[in-house]
Structures are given as structure tokens and as C-alpha cells.
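The values are calculated or read from the model by the stated rules, or taken from the named source; none is laboratory data. Quantities reported herein were computed from a predicted structural model and do not represent experimental measurements. A quick note on method: Cβ atoms are made from the backbone with ideal geometry, for glycine too, and the neighbour counts reach across all protein chains shown. Just so you know, the surface numbers come from the protein's heavy atoms only, side chains and all, with ligands and any DNA or RNA stripped out. Shrake-Rupley method; radii C 1.70, N 1.55, O 1.52, S 1.80 Å.
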Amino acid sequence: MADAVMTNVAIDHAAAAASRRHLISRIVIYGLLIVFSAIYIVPLFVVVFNSLRTLPEISKNGLIAFPMSFHLDGWPAAWSTFCIGGNCEGMQNYFWNSVKMVIPATIISTLFGAMNGYILSKWKFPGSEIIFGCMLLGVFMPSQISLLPWAFILGKLGLANSVYGLVLVHCIQGLSFTTLFCRNYYVSIPDDLIKAARIDGAGFWRIFYKVILPLSPPILIVTVIWQFTGIWNEYLFGVVLNSGSNQPITAALVALALNGTTVRTYDVMSAAVLIGALPPLLVYFFGGKYFVRGLTQGAIK
């Protein structure tokens, strides 16, 4: 009887020690997560608060402070009247340039990536692996290498210094990523589905539209979010291949930061930064869970 009591006491002590260790580990983990989250989120809050403050208040209390009052005067000024690189029309023109660039480039590169992934995974042919390997090189190739070839090609096509030229650039540049994502996802689709569709008389395009695409939403969401944010935030091609009013919003933001005037209108500049960051933030806010879900499904399959 005494031995049983001693055993129960030892078990209770071991369980209590294990519970304390678990609690301490949870506290450490969540503490580190809170610290790192603050490191990432505080700059965003600073920009948001400064966009809602007046310039005298910012000058008096500093850049890092809570707003004493809320004013939206910086937002319309940043959108339509602020001077950027000698152009006093605000961010609106650059914003719409990015919209006209990112929407068609994202759609086209995603569709072609889906077709390439379908072909390279389900319609094997001699040299298909070599072609896929060559396309895969684009994932690891620095963008700087292709600047001069792209400048030459766009000049020959008459698309130099135009939004349509940037659409072409981003469609081709993003094709390696979209092909990689879709091909790796489609490999996991059972070949029996394709064989059954062929037996029923379905051809290449009918199988693609009726079998492959209905199974593709998880990976298509991943590629759309990836392409949208990557193209919207891309700076190098926009500033090198285009100039003036044909540049995307990232080039305007850099010009805004390098503005040589002595007076820094931090309220307007903060609003301009948020205007440029708002579309990808909204995409991740509404589609972030689908992005993670799509990557997870692809990994599991």
C-alpha cells in the first residue's frame, strides 16, 4: 500500500514538472512570436498613424507617436496633387499604370503556367524533362541578367517605355514560377482520371477544361497571389525599361523617398506609401488563408 502511494506521488510530481515545462515553453514561444510580430507590425502602424496626422503635429511630437487628432488631408493630396519627379498629379497615374500592368500579367502568366504544368506532367514527350529543366532555370536567374535583352526586344517590338511592354516582361518572367507550381501540383493528380477521359473521347483541351481546371483552384490561388504581389512590388523593370508617367507605382515611391526638397511632408508621404501598399495588403488579407491552404494541399498530395 505504501509503495502504491509513493508511486502515485512520484507520478504526480513528474506530471507537475512536465506541466510546468510545457507552460514555460508555451510562454517562451508566444513571447517570441509577440516580439517578432511587433517588429514587423510597428512600422506599418507608424505609417498609418502618420498618414492620419497633420504635418505640424508630426513636427512637434515626432514620427513615432499616437495621433492627437485624425485628419485625412494627406490622402487626397497624395492621390492627386503631390509632386513626384516634377509631375504634380500625385500617385493616381502611377497607381493605374500598376493596375493595368498587374491584372493582365497575372491572368496570362497563370493560365500559361497551368497549361505548361498540364503538358509537362500529363502529356509526356521526348525532351519534356529537358524543357522543364530549362524553364526551371528562370526561377534561379537574377532579373538583372535579362535587362539588356528585354530592352532590345521591347525596342524591336515597339513596346519600349509602355505599360504593355511591362505586361509582356512580367508574363514571361513569371512563367517559370507558375509552371513550377502547377506542374508539381498536377503530378499528384491520378493518371487514371486522364486515361478515363481519353477513353470517353475527350481530347487535350476538353481534359484540361473539364478535368484539370476543376481540380486546380488551390494551386491557381497560390499562383495568382504570388504573381500579383510579385509584379505589383517589382521595381527594377519598371524603373529601367520605363520612364516618366509610364512607370509603375513602385518607381514613384522610390522617387518620393529620394525627393530632394528640404521640407518633408510626412503626412502626404505616408499616405502615398499606403496607397502603394494597399492592393497587396488586401490580397493577403482576403486570400492569405487560401494561399497557405493551397501550398499545404500541394505539399500533402
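Answer yes or no: is there a residue in region 274-292 that is open to solvent by less than 60 Å² (accessible area, probe 1.4 Å), modelled with pLDDT of 75 or more and not in a helix (DSSP H, G or I).
Checked region 274-292: no residue is open to solvent by less than 60 Å² (accessible area, probe 1.4 Å), modelled with pLDDT of 75 or more and not in a helix (DSSP H, G or I).
Sort out which residues of region 228-250 are within 17 Å of the chain's Cα centre (by Cα) and assigned to a helix (DSSP H, G or I), and write them in order of number.
In the first step, residues of region 228-250 are kept if they are within 17 Å of the chain's Cα centre (by Cα); the result is 228-238, 248-250.
Within region 228-250, Phe228, Thr229, Gly230, Ile231, Trp232, Asn233, Leu236, Phe237, Gly238, Ile249, Thr250 meet the criteria.
Cβ-Cβ under 8 Å, sequence separation 6+ or interchain: first residue in region 243-256 and closer than 19 Å to Phe228 by Cβ and open to solvent by less than 10 Å² (accessible area, probe 1.4 Å), partner in a helix (DSSP H, G or I) and among the hydroxyl-bearing types (Ser, Thr, Tyr). Which pairs?
Pro248/Tyr94; Pro248/Ser98; Ile249/Tyr94; Ile249/Ser98; Ala251/Tyr94; Ala252/Tyr94
Can you tell me which residues in region 84-98 are within 13 Å of Leu256 (Cα to Cα), at pLDDT 80 or above and hydrophobic (A, V, I, L, M, F, W, C)?
Correct list: Met91 only.
Being modelled with pLDDT under 90, open to solvent by 50 Å² or more (accessible area, probe 1.4 Å) and under 30 Å from Ser245 (Cα atoms) narrows it down to one of Leu137, Leu148, so name that one. Reasoning before the result, please.
Values: Leu137 fails: under 30 Å from Ser245 (Cα atoms).
It is Leu148.
Name the residue, out of Ala114, Ala105, that is modelled with pLDDT of 90 or more, open to solvent by less than 30 Å² (accessible area, probe 1.4 Å) and over 17 Å from Val283 (Cβ atoms). Don't jump to the end; show me each part of the working.
On the way: Ala105 fails: over 17 Å from Val283 (Cβ atoms).
Going through Ala114, Ala105 in turn, just one is modelled with pLDDT of 90 or more, open to solvent by less than 30 Å² (accessible area, probe 1.4 Å) and over 17 Å from Val283 (Cβ atoms): Ala114.
I'd like to check something: does region 155-164 contain any residue that is more than 27 Å from Leu215 (Cα to Cα), surrounded by fewer than 16 Cβ atoms within 10 Å (Cβ to Cβ) and of a type in the set (A, V, I, L, M)?
Scanning region 155-164, I find at least one residue that is more than 27 Å from Leu215 (Cα to Cα), surrounded by fewer than 16 Cβ atoms within 10 Å (Cβ to Cβ) and of a type in the set (A, V, I, L, M), so the answer is yes.
Tally the residues that are hydroxyl-bearing (Ser, Thr, Tyr) and under 25 Å from the mean Cα position of the chain (by Cα), restricting the search to region 189-216. Spell out the reasoning first.
Taking region 189-216 first, the residues hydroxyl-bearing (Ser, Thr, Tyr) are 209, 216.
If we keep only those that are under 25 Å from the mean Cα position of the chain (by Cα) as well, we get 216.
The qualifying residues number 1.
Can you find, within region 90-102, the residue that is farthest from the chain's Cα centre (by Cα) among those that are in contact (Cβ under 8 Å) with a residue 40 or more places away in the chain and open to solvent by 40 Å² or more (accessible area, probe 1.4 Å)?
Asn93
Are there any helices (runs of 4 or more DSSP H) wholly within region 151-227 with 3 or more residues that are hydroxyl-bearing (Ser, Thr, Tyr) and farther than 30 Å from Gly244 by Cα, and if so which?
Numbers: elements: 163-186, 191-199, 204-207.
Of the helices (runs of 4 or more DSSP H) lying wholly inside region 151-227, those with at least 3 residues that are hydroxyl-bearing (Ser, Thr, Tyr) and farther than 30 Å from Gly244 by Cα span 163-186.
What pairs come out if I take residues in region 276-301 that are of a type in the set (S, T, N, Q) and pair them with residues that are crowded, with 16+ Cβ neighbours inside 10 Å and at pLDDT 70 or above whose C-beta lies under 6 Å away, six or more apart or interchain?
Listed by first residue and then by second, the contacts come to Gln297/Pro218.
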